[in-house]
Amino acid sequence: MAKSDLELFFEDPGIIPSRAGRKHPHPNGSGKCNAFGTLYKLRREMITCYGKKKTAPTPWAAAMLVFSGIDLMACCRKGKNDNTAIGQRFQDFIDDCFPPISKPYKQQFWSLRNCLLHNFTGQNSVTNEKFRLVLDSSSTTFTSEATNLYRVNLNQLLVDFEYAIGDYKSKIIPGSVLATNFNLMFSKIGYMLVYEQPSLGAGRFTIPINMISSGTMQLQTTLSNFASGA
């Protein structure tokens with residue numbers, strides 16, 4: 001039986017792509033085409049960025065993926081993906097789904113998100129906050145070290161993020177407002193298609209990122225050897 005939209009979105013990132021997703025009609029009518037949950041694909045990227053050990057190969061990129069994932073789920077939770085009240089939507093998600101110990105730092109989550117995603121820095125010139133990013137075994141994500149100076153443990157950031165995923169998923173009960181909002185957003189930002197492009201040659205695929213319900217493709221990236229599941 002085909003996976004549900006919810007199962008597709010929250011699919012375990014430990015499953016390799018060749019065994020994940022679900023079949024989907026090809027945009028051009030024929031050829032191989034699979035749909036993958038956006039959150040699944042994001043978490044697959046996180047596996048690469050965080051690595052298998054405590055020393056992440058690309059820790060800043062890993063943090064940026066976490067914040068993008070929060071944005072994604074915040075939109076699904078709220079049923080909106082417009083440019084209004086983005087910060088409120090983001091912080092509301094943290095307040096509702098993150099571990100209790102991290103909720104008081106929802107404004108710092110938002111501040112660091114803006115630093116990294118907009119300027120690739122650890123300093124917010126608007127709030128005058130500075131963030132020192134570390135990788136260690138401490139059990140807190142944010143620690144205040146001085147006025148407007150925060151130590152951020154990126155290993156614990158991942159733990160918080162995975163906790164939030166599980167908490168959010170558990171609250172999407174059939175018939176609830178959260179379920180209605182999720183269903184509304186799934187067709188817009190909840191999945192992406194990976195499909196074969198015969199003109200590119202065997203084993204080459206195109207991903208239309210953020211494919212909306214009308215079928216408009218906003219961005220395309222060509223991958224080779226996707227079928228190998230690498």
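Taking the range 1-139 on its own, what percent of its Cα-Cα pair distances exceed 20 Å?
58
Would you mind ranking SER187, SER139 by Cβ crowding within 10 Å, fewest neighbours first?
Going from sparsest to densest Cβ surroundings: SER139, SER187.
Report ³J(HN,Hα) in whole Hz for each residue of the range 172-189, in order, from the Karplus equation J = 6.51 cos²θ - 1.76 cosθ + 1.60 where θ = phi - 60°; Gly and Pro get x.
In residue order, the calculated couplings are 7, 8, x, x, 7, 4, 4, 5, 4, 5, 4, 4, 5, 8, 4, 5, 9, 9 Hz.
If amide H atoms are built 1.01 Å from N in the plane of the peptide, which residues on other chains or at least 5 residues away come under 5 Å of the amide H of TYR191?
For TYR191, the qualifying residues are THR38.
Cα centroid distance between the range 82-103 and the range 115-152, in Å?
Rounded to whole Å, the Cα centres lie 17 Å apart.
Hey, any idea what the orientation-averaged projected area of the convex hull of the range 127-196's Cα atoms comes to, in nm²?
Over every viewing direction, the Cα hull of the range 127-196 projects on average to 8.5 nm².
FYI, it's all coordinate maths here, none of it is from the lab. Remember, it's a predicted structure, so these values are computed and weren't measured experimentally. Backbone-built Cβ (ideal geometry, glycine too); neighbour counts: all protein chains shown.
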